[in-house]
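So the structure is just underneath, and the comments pick up after that.
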Amino acid sequence: MTVLLVHGHPFDHTLWDPQAAALRAAGYHVIAPDLRGYGAAPPPDGDVTLLSDFAADLAAELDRHGVDRAVVGGVSMGGQITMEFHRLFPERVAGLILADTSPVADDEAGRRLRHATADRLLAEGMTGYAGEVLDRMITPYHVIEKPAVAAHVRRMMLGTAPKGAAAALRGRAARPDYRAGLATVRVPTLVLVGAEDAYTPLDQAELTASLVADSELVVVDRAGHLPGLEQPEVVNEALLRFLARAGAR
């Protein structure tokens, strides 16, 4: 079974390192690419990267690996890209992992904020932004208690090109609402959320799980927006249990 793991904003593929290692050790074929404009991937050509652009890139990534279908999982923006991938390529999805994400489209205030943040990143770079959001990406106490995790998160954010991050933010502002699409999902789905997620809290995960017929909800205690880094053993166990169930279908 192939598992395609999609990172969030403003990170890179190493966001999934603990899970990729555990899944590979268990015999799964894991693909964890850098998204367009993030990590080592080339910057976007234009000022806006739509979620459909990211989804098309992921389909091409599966093609390069000779893979027809995969379990597709994403965290935060990566979860929204995963929902977009299912909308465009449902026949290529064997299962879904939706971590710390929301299917609800931005309202007008949310769209304005994304565009304003994009403008700021282009004008100022990533440093100030990264410093402000670190203790929302992971819990404030983990910034202190898990300095290696905090350093990893900070390194990914500072390593992100402002142009790529800004283009993705503008694309997210234009994304559709995925609630109706989730009701059409007919594959096993894991919905996972940090109990202390400040960006996409528990009610968003509960909404997502309620819309998908064959879904399971896992709440990770003592974790914020990035439970895969904050509580990797708990998340790895949940993923392995879910993939065993999905493989039995």
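The values are calculated or read from the model by the stated rules, or taken from the named source; none is laboratory data. Quick caveat, the model's predicted, so the values are computed rather than measured. For neighbour counting, all protein chains shown are included, and Cβ atoms are generated from backbone atoms with ideal geometry for every residue, glycine included. Ligands, DNA and RNA are stripped out before the accessible areas are found, and what is left, the full protein with its side chains, is counted by its heavy atoms. Shrake-Rupley method; radii C 1.70, N 1.55, O 1.52, S 1.80 Å.
Among the candidates ALA174, ALA180, the residue that is open to solvent by 40 Å² or more (accessible area, probe 1.4 Å) and without any contact (Cβ under 8 Å) to a residue 60 or more places away in the chain is uniquely ALA180. Every test in (1) open to solvent by 60 Å² or more (accessible area, probe 1.4 Å); (2) within 14 Å of the chain's Cα centre (by Cα); (3) over 30 Å from ARG120 (Cβ atoms) is passed by ALA213 save one, and that test is (2). Counted as qualifying within the stretch 137-249 are the helices (runs of 4 or more DSSP H) with 3 or more residues that are among the basic types (Lys, Arg) and modelled with pLDDT of 95 or more, namely 162-173.
Scanning the stretch 96-109 for residues that are within 30 Å of VAL235 (Cα to Cα) and open to solvent by 20 Å² or more (accessible area, probe 1.4 Å) turns up VAL104, ALA105, ASP106. For THR127, the stated conditions hold: it is over 25 Å from GLY181 (Cβ atoms), open to solvent by 60 Å² or more (accessible area, probe 1.4 Å) and not hydrophobic (A, V, I, L, M, F, W, C). Selection of the stretch 189-203 for residues being open to solvent by 20 Å² or more (accessible area, probe 1.4 Å) and more than 13 Å from VAL75 (Cβ to Cβ) yields ALA195, GLU196, ALA198, PRO201, LEU202, ASP203. Among residues of the stretch 60-84 that are at positive phi, those with a beta-carbon under 9 Å from a residue that is among the charged types (D, E, K, R) at least six positions away or on a different chain give the pairs SER76/ASP100.
Please tell me if LEU134 is open to solvent by 70 Å² or more (accessible area, probe 1.4 Å), of a type in the set (A, V, I, L, M, F, W, C) and over 14 Å from LEU190 (Cα atoms).
The answer is no for LEU134.
In the stretch 103-132, of all residues being part of a helix (DSSP H, G or I) and among the charged types (D, E, K, R), the one that is farthest from THR82 (Cα to Cα) corresponds to GLU124. Scanning the stretch 218-249 for residues that are open to solvent by 40 Å² or more (accessible area, probe 1.4 Å) and closer than 22 Å to TYR28 by Cβ gives GLU233, VAL234, GLU237, LEU240, ARG241, ALA244, ARG245, GLY247, ALA248, ARG249. The residues of the stretch 154-208 that are of a type in the set (Val, Ile, Thr) and under 28 Å from LEU240 (Cα atoms), listed by number, are THR184, VAL185, VAL187, THR189, VAL191, VAL193, THR200, THR208.
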